[in-house]
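A quick write-up on the structure given underneath.
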Amino acid sequence: GKAAKLAYNSPYGKMAQSIGQAPFANAFYASLITSGTRTKILEAIASHPRQSEGVAMIATDGIYFFSSHPSLDIDAQTLGKWDEAVKKDVVLFMPGFYWWEGSGLRSRGCSADGFAKIREQIAQAWQRTLVSRGTIADG
């Protein structure tokens, strides 16, 4: 799976390249791939029962819903199809910084190394906030 994904992503990267030597750069093809992906994401939002209210987060090439999407064509083995995985205890700290139970810190657009050092402190502070508001019981 990962090798295939990288094999497909590499040609896109070469087409979208704009720094240094870019003999395979093709802004037209790169923009078609990007717009096609964004169109699929928007179609998924529009066809979800809660539409935009059902969206937790949108990533570069994926979308996180609060509940399962009942009509997406899910087939993780086929290129261009959707795959689905349930995540527990998701923390969307801010755009581009998130994690869930059993995962490491995820980040988009910048290094998460510095943020990772304070992740546990943030989680504890959030837990205290929920307890003080009565949202969850202490313990």
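Sparse packing (at most 11 other Cβ atoms within 10 Å of the Cβ) combined with a DSSP loop state is found for the following GluC sites (Glu not before Pro) in the range 28-125: E84, E101. When DSSP beta bridges are restricted to pairs lying wholly in the chain, around 90% turn out antiparallel.
Summing +1 for each Lys or Arg and -1 for each Asp or Glu among the other residues whose beta-carbon sits under 12 angstrom from that of L105 gives +2. Give me the net charge for the shell around F115: Cβ to Cβ below 13 angstrom, other residues only, Lys and Arg +1, Asp and Glu -1. Its environment carries a net charge of +2. The figure for D73 is an accessible area of roughly 80 square angstrom, using a 1.4 Å probe on the protein chains alone. Per-residue accessible area (protein heavy atoms, 1.4 Å probe) orders M94, M15 as M94, M15, starting from the largest. Summarising the amide proton neighbourhood of A56: residues at separation of 5 or more, or on other chains, whose placed amide H is nearer than 5 Å comprise Y64, F65, F66.
A P(r) calculated from all alpha carbon pairs of the range 14-89, with 10 Å bins opening at zero, reads 17, 41, 24, 15, 3 percent. Per residue, the convex hull around the alpha carbon atoms of the chain comes to 153 Å³.
Counted by Cβ distance under 9 Å from W82, the other residues give a net charge of -2, where Lys and Arg count +1 and Asp and Glu count -1. When the helices of the chain are scored as -39500 (n - 2.57) per DSSP H run of n ≥ 4 and the total is divided over every residue, the value at 222 nm lands at -13000 deg cm²/dmol.
The values are calculated or read from the model by the stated rules, or taken from the named source; none is laboratory data. For clarity, every value in this text was computed on a predicted model and none was experimentally measured. Note that we place each Cβ from the backbone using ideal geometry, even for glycine, and neighbour counts take in every protein chain shown. Surface accessibility is based on the protein's heavy atoms, side chains included, excluding ligands, DNA and RNA. Shrake-Rupley method; radii C 1.70, N 1.55, O 1.52, S 1.80 Å.
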